[in-house]
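Q: Next up is a structure, given as structure tokens.
The values are calculated or read from the model by the stated rules, or taken from the named source; none is laboratory data. Because the structure is predicted, anything quoted here is derived from the model rather than measured. We place every Cβ from the backbone using ideal geometry, glycine too, and count neighbours over all the protein chains shown. What goes into the accessible areas is simple: the full protein's heavy atoms, side chains included, and nothing from ligands, DNA or RNA. Shrake-Rupley method; radii C 1.70, N 1.55, O 1.52, S 1.80 Å.
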Amino acid sequence: MPVTITDVRTILTQPGASRLVIVKVLTSEDGLYGVGCATFTQRVFAVEAAIERHLKPFLVGRDVDRIEETWQMSMVHGYWRNGPVLNNAISGVDQALWDIKGKRADMPVYELLGGKCREAAATYVHAEGSDPREVAERAQALVDEGYRHVRIQLGGYGGAGAADRRPHGSPDGNYFDPRAYGPTMLGMVEHVRGELDESIELLHDVHERLHPIDAVQFAKDVEPYRLFFLEDLLAPEDIGWFETVRQQSATPLAMGELFNNPHEWRGLITDRLIDFVRVHVSQIGGITPARSLALLADTFGVRTAWHGPGDTSPVGHAANLHLDVWAPNFGIQEWYRPSELEYEVFPGLPRVEQGYLYPNDLPGLGIDIDEQLAAAHPCDEAVEQWTQTRLPDGSPARP
Ligand code: MG
């Protein structure tokens, strides 16, 4: 008798700054369940509806062991596919099924993937400041904690202060100046590079804030500082520019947290136009597609750097870590330094020691959710502000 799915539950919670969506798959075996990350923090209620109204009726009664088939059929069952809401919903179920399979096998998920290539995943964390000196101080504080890779940002995602120049009558919002971005950031990188020990690796996230031709210039200008990588230099809509960037500089490039569809990463990898693929694992549908993507990238010399800020749930971070310790082409893992409350809501959430994130040896994903505590921290319904991004003339821009 196969073990089957008896219920699929969606848990919304917000123990920190980000709204999180966790899926719990219950089974016909007493006490056996799995958890998965379905977090699309800006659209949690849409994901909840996709799971509750569409996926759950389709999944109840299915064999929990048939992860691949369930994933493939879930992707095509709605006919239209590869959108962020449905991909996240499918990820929640997919990760929960890997968790269940691990518990059934009495093995951590990294063992099911093929076993460890390394004991722990090297992480990078964020240092942000309002001026280059502050960025350098905060970066040094992280180095003092044991981190050897630090992402350096000036004024959030940079180019701030452009609101003063907007035309009369322009709405409020998160203004930035793409033309000011390059020179300002270059000065910051130069300063921080001069302050920190040269063995410390620096990373920077452009967050799509440059016009494409200015992005080409910036990748050239920043080349002498030997970044570990330059992240999201271009928007997904502008990936046709990567070839030009590549011809012009040897700055390592990381791309992809907004990707939904294999078409977005395939050419960048097979044409060797990027160095790190950093999709948001739940955004592409979970562990099942991430495993395939990692192997495709490995074939072309591209390393992994899964997206891992606070809007990846702790369950999603656990999933990332299982992929990290397994993948032959693991590069680096973004890490967000969770609060103690998050450790209480999510027992088993891994911890960092000296910059390395260590998996536990529990079966499955090795993480759980305290539902009572999660319920005490419900999601807010506030309209997202930081994504209301504008150019100096007041027009909307990609955040
Ligand atoms: Mg990013």
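Q: Lysine pairs, Cα distance under 23 Å, 8 or more residues apart or cross-chain: how many in the chain?
A: 7
Q: Okay, helix-only estimate at 222 nm for the chain: each DSSP H run of n ≥ 4 adds -39500 (n - 2.57), divide by all residues, round to 500 deg cm²/dmol; what do you get?
A: So the calculated ellipticity at 222 nm is -10500 deg cm²/dmol.
Q: Write down, largest first, the equivalent ellipsoid semi-axes of region 45-168 in whole Å, where each equals the square root of 5 times an eigenvalue of the alpha-carbon gyration tensor.
A: After scaling each eigenvalue by five and taking roots: 41, 26, 10 Å.
Q: Among Val76, Ala38, Val25, flag the residue with its Cα farthest along the positive direction of the charge dipole of the chain, charges on Cβ as +1 for Lys/Arg and -1 for Asp/Glu.
A: Val76
Q: Out of region 294-399, which GluC sites (Glu not before Pro) are coil in DSSP terms and have no more than 13 other C-beta atoms within 10 Å?
A: Loop-located and lightly packed - Glu381, Glu384.
Q: Which one of Leu341, Ile274, Leu142 is farthest out on the positive end of the charge dipole of region 112-363, using unit charges on Cβ (Lys, Arg +1; Asp, Glu -1) and the Cα centre as origin?
A: Of the options given, the answer is Ile274.
Q: For a quick check: with amide H placed at 1.01 Å from N, whose amide H comes under 5 Å from Glu231's, ignoring anything fewer than 5 positions away on the same chain?
A: His204, Asp205, Val206, Ala254
Q: Determine the dipole magnitude for the chain: charges of +1 sit on the beta-carbon of Lys and Arg, -1 on that of Asp and Glu, nothing else is charged, the reference point is the Cα centre, and the result goes in debye to the nearest 20.
A: 880 debye
Q: Return the carbon/sulfur percentage of the accessible area of the chain, one whole number, probe 1.4 Å, all protein chains in place.
A: Carbon-and-sulfur percentage of accessible area, whole number: 49.
Q: Kirkwood Rh, Cα Rg: Rg to Rh for the chain?
A: With Rh from the inverse mean 1/r over Cα pairs, Rg/Rh is 0.97.
Q: Please give the peptides 50-63, 277-290, 317-330, 295-308 ranked by average Cβ packing (other Cβ atoms within 10 Å per residue), highest first, as a rough proxy for protection.
A: 277-290, 317-330, 295-308, 50-63
Q: Which helices count as membrane-span-like in the chain under these terms: full DSSP H, at least 30 Å along the axis by C-alpha, Kyte-Doolittle mean of -0.5 or more?
A: 84-105
Q: Something else about it: With r defined as the distance between the Cβ atoms of Glu29 and Met107 and R0 fixed at 22 Å, what FRET efficiency is calculated, to the nearest 0.05?
A: 0.85
Q: If we count every other residue with Cβ under 11 angstrom of Pro363's Cβ, Lys/Arg +1 and Asp/Glu -1, where does the sum land?
A: Counting the neighbours of Pro363, the net charge comes to -1.
Q: If you don't mind, another one. Counting only heavy atoms of protein chains, what accessible area per residue, in Å², does region 112-363 have with a probe of 1.4 Å?
A: That works out to 39 Å² for each residue.
Q: With a ≥ b ≥ c taken as the square roots of the eigenvalues of the C-alpha gyration tensor of region 5-107, please select rounded if a/c is under 1.5 and otherwise prolate if a/b is larger than b/c or oblate if it is not?
A: Because a/c hits 1.5 or more and a/b fails to exceed b/c, region 5-107 counts as oblate.
Q: Positive end of the dipole of the chain, charges at C-beta (+1 Lys, Arg; -1 Asp, Glu), about the Cα centre: which of Cys117, His204, Trp265 has its Cα farthest in that direction?
A: With unit charges placed on the Cβ atoms, the residue in question is Trp265.
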